[in-house]
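Participant: I have a structure I would like to understand better, so I am pasting it below and will then ask my questions one at a time.
The values are calculated or read from the model by the stated rules, or taken from the named source; none is laboratory data. The shown structure was predicted, so the numbers you read here are calculated from the model rather than taken from an experiment. When we count neighbours, we look across all protein chains shown, and the Cβ atoms used for this are built from the backbone with ideal geometry, even at glycine. Accessible surface is based on the protein model in full, side chains and every heavy atom, while ligands, DNA and RNA are left aside. Shrake-Rupley method; radii C 1.70, N 1.55, O 1.52, S 1.80 Å.
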Amino acid sequence: MSEDQLQQSIVIWFKNEYQMHGKGLIFSCPNGGSRNMLEAKKLKQTGAMAGVSDLIVLLPSKCLFIELKAEKGIQSEVQKIFEERVKNLNFDYFIIRSLEEFKKLF
């Protein structure tokens, strides 16, 4: 399963199980893709940050940062730095490789 497919399945599951019932929010911060230099500059100036996790999950009094990886995928150096910064701020950061692994968080 690709990371995109994994992300779609996780978002659908979470929305059906939690978000529809007002128990949480899930969203992404799209940072990838090809952009022209002007657009990339604007995104950076308005807060885009390399390495941000694929998904952010908000639960009552809790915030989870979720990085998705295919079975053999590895974090980039900027993703590792982002993970460290998140953990230093006492938030939870998880690397998830399957829908089942994500479900176990709940």
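Participant: Contact list please: Cβ distance under 6 Å, first residue in region 39-62 and at positive phi and at pLDDT 85 or above, second residue of a type in the set (A, V, I, L, M, F, W, C) and surrounded by 15 or more Cβ atoms within 10 Å (Cβ to Cβ), pairs at least six apart or on different chains.
Facilitator: These pairs meet every condition: 51/82.
Participant: Return the pair list, or none, for Cβ contacts closer than 8 Å from residues in region 1-21 that are over 15 Å from residue 55 (Cβ atoms) to residues that are of a type in the set (S, T, N, Q), at least 6 apart or on different chains.
Facilitator: 1/9; 1/98
Participant: Something else: Filter region 85-106 down to the residues that are among the aromatic types (Phe, Trp, Tyr) and either within 19 Å of residue 12 (Cα to Cα) or open to solvent by less than 70 Å² (accessible area, probe 1.4 Å) (or both) and list them by number.
Facilitator: Selection gives 93, 94, 102, 106.
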